[in-house]
Amino acid sequence: MASGRLQPVAGPSRRSALCIALLATLPAAIPAARAAQINYSIGGRVEHSDNIALTQTNPMEESTFATDVAFDATQTGRNTTFSARGGVEYLYYTGGLFDDDVLGSLVGTFNWNTWQDRMKVIIEDYANYEPIDQLSPDAPGNQQQVNVFVAGTQFNLRPGDATRVRLDLRYNNYWAEESDDFNGDRYNAALTLWQEPSSTTRIGFTVEGSEVQYDQVNLDTLGADYRRLDSYVTWNRNMADIDLEIRAGYSWVELTDYNSKDDAPLFRTVLTWRPTSRSTLDMGVYYQFSDAAQELMTNVTDPTGVPATPGGAPSPDPSDVTIGPDLYRQRRIDIGYRYNGERFDFTVRPYYEDNDYVDPTAQSEGNYGIGIGGSWSITPSLFFNGSLSAGVRSFDSFDRDDDDFSIYLGLQKILTRHWSLGFDLRHQERDSNANEASYDENAAIFSVRYTR
């Protein structure tokens, strides 16, 4: 019998739902748009965990019934493009330890080219669920709905055969269900001058300004409204087997509520190399100012967490996003390798990241680890999937170190063209030097899915 009733977060917010609905109805309102191509799947599962709350002492067993709808949609018109993927999941906890919950996610983009391609209207939405407290385990009671909505325009001019001028204007709206200090608005403008000396090379110079205004300013910290100015040069090279982008410049930040200023170099390198038709190697090196909203948009993961499609390797997600208003210097290196064979797929991604917050009272942290995923087609209708992740996390402002490890193994049986069954095992654990922060959990999941 549970000793207490833990309260999880509620379902998706009204603001998030309005953003998603607006994005979904836009293609139908634009003339000359073709019918959307929609793929979807409906699934149900039964999950039994021996430590559902991820506690160190007094672990409590719980069985969960869940159903979800996952989808991806694309639509292309004469001047419009639309793409979206996401889903909604309903969770029912049979033991009454948690209240029923609804989790929704969406990654959607809509582009409309007009004025002879000189102007582009852009609307995007990023909805996901993230931890409320980054120091606590990622248990059902520690999840909240988060949404980032983006709207703007892009103006393109061509003063010469090899010269481009681009002006980008953006409005962003941030919202989190529990972390109210994350809620706010961002206004951004960027002017870029491009030169294309060859068909494979492009060089650009950009001046970009941003202003962020939060709905609630915490006067006890420096996580407050700020202005930011970036100036950088970007070099792109796109060849048959290699794509390379190098960005270098400088950033200036002013925390407007405290009349405090900071500055730092800006550097980013992203490399993608395809040595064979089945192998891809990518690498990213980052040194820049960043915040939670930017990470949500650039580090998008599979939104619903539903089982991987047959023959597709699981994509391990090595880190969560700390939801809050604080600005930080991000130092990150990640390397990924993917192999897609006829019967075997494999993914490996080691990473290192250090986030140094501008606010000295914030919990600056560093972490490193590795994620591995794979899928093996035992027969044309039977697949074995697995993933493994291991990470180490430490904090600069206090003595805490967490060692996290998880492993997932699953079998998927394709019954017909549309129906499939799955059986999965999951183990996750944390070894921490903080009091009552360690945990160990095992779970078994049986699922059935209809895929169109």
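The values are calculated or read from the model by the stated rules, or taken from the named source; none is laboratory data. From a predicted model like this one, the values you see are computed outputs, not experimental measurements. Glycine also receives a Cβ, built like all others from the backbone with ideal geometry; neighbour counts cover every protein chain displayed. We work out accessible area using only protein heavy atoms, side chains counted, and drop any ligands, DNA or RNA first. Shrake-Rupley method; radii C 1.70, N 1.55, O 1.52, S 1.80 Å.
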### Message
Condition (residue is on the phi > 0 side of the Ramachandran plot and open to solvent by 20 Å² or more (accessible area, probe 1.4 Å)) applied to the stretch 135-143: is it met by at least one residue?
### Response
no
### Query
Which residues, taken from the stretch 165-184, are open to solvent by less than 60 Å² (accessible area, probe 1.4 Å) and within 19 Å of Val121 (Cβ to Cβ)?
Val165, Asp168, Arg170, Asn172, Asn173
### Query
Using beta carbons and a limit of 6 Å, which pairs, at least six apart or on different chains, have the first residue in the stretch 422-436 and under 26 Å from Phe446 (Cβ atoms) and the second one of a type in the set (A, V, I, L, M) and buried (at least 16 other Cβ atoms within 10 Å of the Cβ)?
Asp424/Ile445; Arg426/Ala443
### Message
Looking only at residues that are within 13 Å of Leu135 (Cβ to Cβ) and open to solvent by less than 60 Å² (accessible area, probe 1.4 Å) in the stretch 386-423, which one is farthest from the chain's Cα centre (by Cα)?
### Response
Arg400
#### Entry: strands (runs of 3 or more DSSP E) fully within the stretch 333-436 counting 1 or more residues that are touching a Pro at 6+ places or on another chain (Cβ under 8 Å) and within 26 Å of Leu281 (Cβ to Cβ)
344-357, 365-379, 382-395, 401-414
### Message
Of the residues Asp72, Asp68, only one is open to solvent by 50 Å² or more (accessible area, probe 1.4 Å) and of a type in the set (D, E, K, R); which?
### Response
Asp72
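Do we have Arg329 as over 27 Å from Asp138 (Cα atoms), of a type outside the set (A, V, I, L, M, F, W, C), modelled with pLDDT of 90 or more and out of contact with any His (no Cβ under 6 Å at 6 or more places or on another chain) here?
no
Table: residues versus (1) at pLDDT below 90; (2) of a type in the set (Gly, Ala, Ser); (3) under 22 Å from the mean Cα position of the chain (by Cα).
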position	(1), (2), (3)
Glu47	no, no, no
Asn51	no, no, no
Thr55	no, no, no
Phe65	no, no, no
Tyr92	no, no, no
Asp125	no, no, yes
Ala139	no, yes, yes
Gln154	no, no, no
### Message
Pairs needed: first member in the stretch 39-60, in contact (Cβ under 8 Å) with a residue 24 or more places away in the chain and among the β-branched types (Val, Ile, Thr); second member anywhere, part of a loop (DSSP other than H, G, I, E, B) and open to solvent by 20 Å² or more (accessible area, probe 1.4 Å); C-beta distance under 9 Å; at least 6 residues apart or different chains.
### Response
Ile42/Arg452; Ile52/Pro59; Ile52/Met60; Ile52/Glu61; Ile52/Gly95; Thr55/Pro137; Thr55/Glu436; Thr57/Glu436
#### Entry: Near pairs, Cβ below 8 angstrom, 6+ apart or cross-chain, from the stretch 232-254 (over 14 Å from Leu266 (Cα atoms)) to any residue that is of a type in the set (D, E, K, R) and outside any strand (DSSP E or B)
Asp241/Arg274; Ile242/Arg274
